[in-house]
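J.: Before we start, here is the structure in question, set down as structure tokens.
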Amino acid sequence: MLKHSVVAAAAAAVLAAAAGSALAADPVKIGMVTTLSTGAGYLGDHVRKGFELALEQGGVADRVQLLVEDDGLEPANATQLTERMVERDGVKIMTGSIFSNVAMATIPKLVRNYDILYVSPNAGPAPLAGKGCHPRYFNTAYQNDNFAEVMGDYANKQGYKRVYLMAPNYQAGKDSVGGFKRMFKGEVAGEVYTKLGQTDYAAEIAELRDANPDAVYFFYPGGMGINFMKQFAQAGLADKVVALGPAFSFDDTLLDAVGDAALGFYNGSQWSPDLDNAANKTFVEGYKAKYNEYPTLYAAQGYDTANAIVAALKQTDWSTDDLDKLAAAMKKADFQAVRGDFKFGNNNHPIQDVYVRQVVKDDSGNITNRVSTKGFEDHVDAYAAECDMK
Amino acid sequence: MLLFLEQLLNGVQLSVTLLLMASGLTLVFGIMNLLNLAHGSLFMAGAYVAAWTTGVTGSWLLGLVAGAGAAFVTGVAIELVVMRRLYTRDHLDQVLATFGLILFFNELVRLIWGIRPMRLDVPEALNGFVEIVPGAPYPVYRLAVIAAGALVMLGLAWLVQGTRVGMRIRAGSVDREMIGALGVDIGRLYTLVFALGALLAGLAGVLAGPFLAIQSGMGEPILILAFVVVVIGGIGSLKGAVAGSLLVGITDTLGRVYLPKVSDAGTALSSMLIFLVMAVVLALFPTGLYGRKP
Amino acid sequence: MRAVLRDALPFAVLAAAPVAATLAGADWLVPVFTRMAVFALAAMALDFILGVGGMVSLGHAAFFALGGYVVGIGSHHAYDGSPTPFFGLPGWNDLLISLPLAFVVGAVIALPFGWVSLRTRGAYFIMITLALAQMVYYGLVGLTSYGGDDGISMWWGHNTLAGFETADRIVLHFLCLALLVVAFVVLKRLRAAPFGRVLDGARQNEARMRALGYRPLAYQVGAFAVSGGIVAVAGALMANVDEFVSPGMGHWTISGELLVIVILGGIGSLSGAVWGAVVLLGLEEGLREITEHWPIILGPLLVVIVLFARGGIAGLVARLGKGGGRAGSP
């Protein structure tokens, strides 16, 4: 990780100002303030790994200087670090936001106050896709509700009559449940919000069994998901109630921690390691070879983010002087995404296919995801209409 | 009704984990007058080492022994290096030094095992469920945790009430100069008590491991609950720890299930509930239910 | 004279450093110093009840968060034009309103908080303040109309000052520093006044104060309320620096951090809290630059400081001022 000492950086800032404009051959600086510590730190780590792999495979590693900092999942921290990168290092292109609360606390302020382009590799909160959309803000991952909507639609198609809904008691949890309900036409057998960060779900699972639904839709990212799935299986519910969720609880890292208890669960995602396209094969093979682990959704998003930015930079001849031009080049999305078809909608969020995946054991005994069915074709998020941009 | 009984059982199971944590905390608190915030780190050490050992060897039992053992050894180490210098200090110094230890241990596990959460599965032999009452299957492992916790606590009660070491421990908590003058090596006794508390915390970490995400910082939420238990029960009292953990475990579980059904604000209220209980108890009994009166 | 200089030194550091940074073209460093001033203010208020009154509160983060929410909620309603839930009053977005309001809210909530806590003593006191602060924390998490756990992002900007925009970082910094100086002067006077003497007496021997005809509890609760009010003002300032509030401001580790600052600076010295904040936040900032695993250094460092550096930095400065003769005594 690149680190400066405060004093040296202050001196460097003075020197840089004295030296005048940078040489043309200098690499383009891209700032990545992301979540690398806390229990969810692997998310940002994977985004970074995917991003770096894309630069390497694209043969442009020397054209880009990637500055990485950890926001520690603290919004105030993220703002401070980003402001520093922009003011101290003269960064024009920022990326890295993982969590929606951090994104909401930083991105609107940054794109208004500074002359920068922000590309989110993960977080896609509703306000930024709707009324708060901005020509300098792009999202290369998804709008948060996408994965929930596809599962609601899937529940209809499978003919589930009664579905039980569970999520932690915070905004992202309520949004996810809301996204599911937007599509689901059957009866809600129960809607339970648990304490954020709760680890023991015995009491809630007892209530769930008592309600006897056809399926349960749950949104438990990170450690909460590990616990919930294990305890769900321990309570003997895995073969009685179908478990549905968004991809956030089903990345390979989490599946590793859950073990066999997650086998057979369904989840919504715009990417899967077995998606059959050339870009994805290059990515999955390259990732395994370089990092000796299976790629996750976050790595795939980091990879696509890097390629989207590089494609735009190639069009502007690696110049970041005219950000409007760069944004226009971004919007063309002239790159091969590992998820297949990809284009930006009017709100600079992806229009893409969304899949239903199932958790399986592959030939080498690794627990991972396989595409079960394509849920949506060229899905446009629910907030695009609220965005004023064309 | 059936469901209510099951929820009660869930509450008792949480109580057992809390009791294992709180009994060590209250012993150390009562006997050495030491406020140890790093007790949660020992819980974490137990869970991590057990998960790692089980992962490497494939044996759950070995993991249990290694986890509890690691907590014990860590306990001895921090007692010798840091804690014994804190016995004569005021609570404020103790809070700070042990706060520093929390920072250290949370980062240490991240350095050793990385930032990815680790996994500890339910042991194969206890995987499954029984129908105590027809129609309400209950996980065997959770029943085993309740049983194991109860056994450990009986053992602890016997150790403190019925053995020579226990007599010294009790004597030490009443008058430490006197027992020192009677020729008992008070330093060794304190190390032993502290390590015993660490062992119980490690054991709690291993037993609760399958319900938890084993990750850096996992010890603090349970530590705060354990402190609530100790304070409600009265510092230094094992009987109080039992009463406190049952009160906290059952209140928390039932509140979580039933309050949200009553009102929309129920989820938030249920998180506050046990702290409310603690405030009420302390307002009525300033030294807890079974605490020594000043 | 020497004592005055000694007290003035940490304030002078906080005044000079951001100016130097700005002149050197490192404007982005200013919030680091502003943050120090804000934490110094909160820690000084804690030091007042701890050092003078002997009350070890592990719950002061609650008031910090409440002060932050006074700014966040007011600003939220002022921005979107909706009435607040408080008698339908309009939102507020000026420091002249939000700072006094934060003080009042902090002090009013600290009254029952302190009164209940003071039913107990010693370790029980530490724990009940922690528990009450956890209640406030979960209460804020439950404020779903104000973002719940996510909090409020004031992306429209921070409060105005008497109608003027204070977009300049350095202006906001000197405002925080000025309030810090005011708090120092007030608390120092309060400590020397009969109020402070009764508090101090109660710390040393409560029964004697009662025998002398005082009611120590009233003084202690009063001091707790003043302290809570000032910490809330610090929280309100923090909200303006970060342009963001969340329940995280009330997390128990913030209470712990405030205690660390007090101890580092030297208990009961008031101006020591400024040293403590400068050193702790400076350490965090510096260590972060060296390694992402900085707590592994900071943790043991805290242990060493507790074990071997009694009297904190204020004690050290005092010893140096006297020629460094009496090491070891606070």
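J.: Take the residues of segment B:134-152 that are in contact with a helix residue (DSSP H, G or I) (Cβ under 6 Å, 6 or more places away or on another chain) and of a type outside the set (D, E, K, R): which is nearest to B:L20 (Cα to Cα)?
T.: Result: B:G149.
J.: Kindly establish whether C:V171 is closer than 17 Å to C:D242 by Cβ and free of Cβ contacts under 8 Å to residues at least 12 places away in the same chain.
T.: In short, yes.
J.: Would you tally the residues in segment B:23-45 being at pLDDT 95 or above and either β-branched (V, I, T) or under 18 Å from B:I146 (Cα atoms) (or both)?
T.: The number of residues fulfilling the criteria is 1.
J.: Being under 21 Å from the mean Cα position of the chain (by Cα), closer than 26 Å to A:Q171 by Cβ, more than 7 Å from every other protein chain (Cβ to nearest Cβ) and at pLDDT below 85 is the requirement here; does A:G222 meet it? Walk me through it before giving the result.
T.: On the way: under 21 Å from the mean Cα position of the chain (by Cα): yes; closer than 26 Å to A:Q171 by Cβ: yes; more than 7 Å from every other protein chain (Cβ to nearest Cβ): yes; at pLDDT below 85: yes.
Spelling it out, A:G222 is indeed under 21 Å from the mean Cα position of the chain (by Cα), closer than 26 Å to A:Q171 by Cβ, more than 7 Å from every other protein chain (Cβ to nearest Cβ) and at pLDDT below 85.
J.: Say whether the condition of being more than 17 Å from C:M249 (Cα to Cα), in a helix (DSSP H, G or I), without any contact (Cβ under 8 Å) to a residue 60 or more places away in the chain and within 22 Å of the chain's Cα centre (by Cα) is met by at least one residue in segment C:104-111.
T.: Taking every residue of segment C:104-111 in turn, none turns out to be more than 17 Å from C:M249 (Cα to Cα), in a helix (DSSP H, G or I), without any contact (Cβ under 8 Å) to a residue 60 or more places away in the chain and within 22 Å of the chain's Cα centre (by Cα).
J.: Among the numbered criteria (1) closer than 26 Å to B:L269 by Cβ; (2) away from chain B (no Cβ under 14 Å), which one does C:I126 miss?
T.: (2) is the only condition that C:I126 fails.
Residue-wise test of (1) in contact with a helix residue (DSSP H, G or I) (Cβ under 6 Å, 6 or more places away or on another chain); (2) surrounded by 21 or more Cβ atoms within 10 Å (Cβ to Cβ); (3) closer than 15 Å to C:G59 by Cα.
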position	(1), (2), (3)
C:G114	yes, yes, yes
C:G122	no, no, yes
C:L132	yes, yes, yes
C:L161	yes, no, no
C:F184	no, yes, no
C:Y214	yes, no, no
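J.: Can you tell me which condition C:N159 does not meet? The list is (1) closer than 20 Å to C:G114 by Cβ; (2) among the polar types (S, T, N, Q); (3) more than 14 Å from chain B (Cβ to nearest Cβ), and all the others hold.
T.: The number of the failed condition is (1).
J.: Looking at A:G286, A:G302, A:G340, A:G264, which is the one that is surrounded by 19 or more Cβ atoms within 10 Å (Cβ to Cβ) and away from chain B (no Cβ under 14 Å)? Before the answer, list the steps.
T.: Working: A:G286 fails: surrounded by 19 or more Cβ atoms within 10 Å (Cβ to Cβ); A:G340 fails: surrounded by 19 or more Cβ atoms within 10 Å (Cβ to Cβ); A:G264 fails: surrounded by 19 or more Cβ atoms within 10 Å (Cβ to Cβ).
Just one listed residue meets the conditions, A:G302.
J.: Do any helices (runs of 4 or more DSSP H) entirely within segment C:1-102 hold 1 or more residues that are among the polar types (S, T, N, Q) and crowded, with 19+ Cβ neighbours inside 10 Å, and if so, which?
T.: Correct list: C:30-47, C:61-80.
J.: Can I ask one more? Show me the helices (runs of 4 or more DSSP H) entirely contained within segment C:128-223 in which 2 or more residues are among the β-branched types (V, I, T).
T.: Passing ranges, in order: C:169-192.
J.: Go through (1) hydrophobic (A, V, I, L, M, F, W, C); (2) in contact (Cβ under 8 Å) with a residue 24 or more places away in the chain; (3) away from chain A (no Cβ under 12 Å) for C:L5 and report which single condition fails.
T.: The number of the failed condition is (2).
J.: Let me ask something additional. Looking at (1) within 10 Å of chain C (Cβ to nearest Cβ); (2) buried (at least 22 other Cβ atoms within 10 Å of the Cβ), which is the one condition that is false for B:G63?
T.: Of (1) within 10 Å of chain C (Cβ to nearest Cβ); (2) buried (at least 22 other Cβ atoms within 10 Å of the Cβ), only one is false for B:G63: (1).
J.: Among the residues of segment A:224-239, is any crowded, with 24+ Cβ neighbours inside 10 Å, touching a residue at least 60 places away in the same chain (Cβ under 8 Å) and assigned to a helix (DSSP H, G or I)?
T.: Yes; the residues of segment A:224-239 include at least one that is crowded, with 24+ Cβ neighbours inside 10 Å, touching a residue at least 60 places away in the same chain (Cβ under 8 Å) and assigned to a helix (DSSP H, G or I).
J.: Sort out for me the helices (runs of 4 or more DSSP H) sitting completely within segment B:161-276 that have 2 or more residues that are buried (at least 23 other Cβ atoms within 10 Å of the Cβ), at pLDDT 95 or above and of a type in the set (G, A, S).
T.: So the answer is B:186-208, B:238-262.
J.: Do we have B:L25 as of a type in the set (A, V, I, L, M), within 14 Å of chain C (Cβ to nearest Cβ), touching a residue at least 24 places away in the same chain (Cβ under 8 Å) and not in a helix (DSSP H, G or I) here?
T.: Working: of a type in the set (A, V, I, L, M): yes; within 14 Å of chain C (Cβ to nearest Cβ): yes; touching a residue at least 24 places away in the same chain (Cβ under 8 Å): yes; not in a helix (DSSP H, G or I): no.
Judged against the criteria, B:L25 is not a match.
J.: Look at A:A311 and say whether it is more than 30 Å from A:I226 (Cβ to Cβ) and in contact with a helix residue (DSSP H, G or I) (Cβ under 8 Å, 6 or more places away or on another chain).
T.: Yes.
J.: Taking segment B:88-145 on its own, how many of its residues are within 14 Å of chain C (Cβ to nearest Cβ) and closer than 30 Å to A:E207 by Cβ?
T.: 0
J.: Output the residue which, of all residues in segment C:131-140 that are more than 7 Å from chain B (Cβ to nearest Cβ) and of a type in the set (A, V, I, L, M), is nearest to the chain's Cα centre (by Cα).
T.: Step by step, filter segment C:131-140, then rank; the result is C:A133.
J.: Out of (1) within 14 Å of chain B (Cβ to nearest Cβ); (2) in contact (Cβ under 8 Å) with a residue 12 or more places away in the chain, the odd one out for A:A155 is which?
T.: (1)
J.: I need the full set of residues from segment A:191-210 which are facing chain B (nearest Cβ under 10 Å) and not charged (D, E, K, R), in order please.
T.: Residues satisfying the conditions are A:V192, A:Y193, A:T194, A:L196, A:G197, A:Q198, A:T199, A:Y201, A:A202, A:A203, A:I205, A:A206.
J.: When you go through (1) within 10 Å of chain B (Cβ to nearest Cβ); (2) farther than 13 Å from B:P117 by Cβ one by one for A:Y217, which number turns out not to apply?
T.: (1)
J.: B:F72 versus (1) of a type outside the set (G, A, S); (2) part of a loop (DSSP other than H, G, I, E, B); (3) crowded, with 22+ Cβ neighbours inside 10 Å: which is the lone unmet condition?
T.: (2)
J.: Still on this structure: Restricting attention to segment C:251-267, does a residue exist that is away from chain B (no Cβ under 12 Å) and more than 15 Å from B:G100 (Cα to Cα)?
T.: yes
J.: Does any residue of segment A:312-319 turn out to be among the acidic types (D, E) and on the phi < 0 side of the Ramachandran plot? Give the steps one after another, and end with the answer.
T.: Step one: of segment A:312-319, the residues among the acidic types (D, E) are A:317.
Filter once more, keeping what is on the phi < 0 side of the Ramachandran plot: none.
No.
J.: Among the residues in segment A:163-180, are any of a type in the set (D, E, K, R) and more than 14 Å from chain C (Cβ to nearest Cβ)?
T.: No: segment A:163-180 contains no residue that is of a type in the set (D, E, K, R) and more than 14 Å from chain C (Cβ to nearest Cβ).
J.: In segment C:292-313, which residue that is part of a loop (DSSP other than H, G, I, E, B) and more than 7 Å from chain B (Cβ to nearest Cβ) is farthest from C:I267 (Cα to Cα)?
T.: C:E292
J.: Look at C:V262 and say whether it is part of a helix (DSSP H, G or I) and touching an Asp or Glu at 6+ places or on another chain (Cβ under 6 Å). So that I can check it myself, show each step before the final result.
T.: Values: part of a helix (DSSP H, G or I): yes; touching an Asp or Glu at 6+ places or on another chain (Cβ under 6 Å): yes.
Here the answer is yes, as C:V262 does meet what is asked.
J.: Now a separate question. Which condition from (1) part of a loop (DSSP other than H, G, I, E, B); (2) modelled with pLDDT under 95 is the one that A:N348 breaks?
T.: Only one criterion in (1) part of a loop (DSSP other than H, G, I, E, B); (2) modelled with pLDDT under 95 is unmet by A:N348, namely (2).
J.: Please find, within segment A:355-374, the residue that is surrounded by the most Cβ atoms within 10 Å (Cβ to Cβ) out of those that are closer than 12 Å to A:L275 by Cβ and either within 17 Å of the chain's Cα centre (by Cα) or not charged (D, E, K, R) (or both).
T.: Across segment A:355-374, the extreme among qualifying residues is A:N369.
The values are calculated or read from the model by the stated rules, or taken from the named source; none is laboratory data. Since this is a predicted model, take the numbers as computed values, not measurements. With ideal geometry, Cβ positions are generated from the backbone for all residues, glycine too; neighbour counts draw on all protein chains shown.
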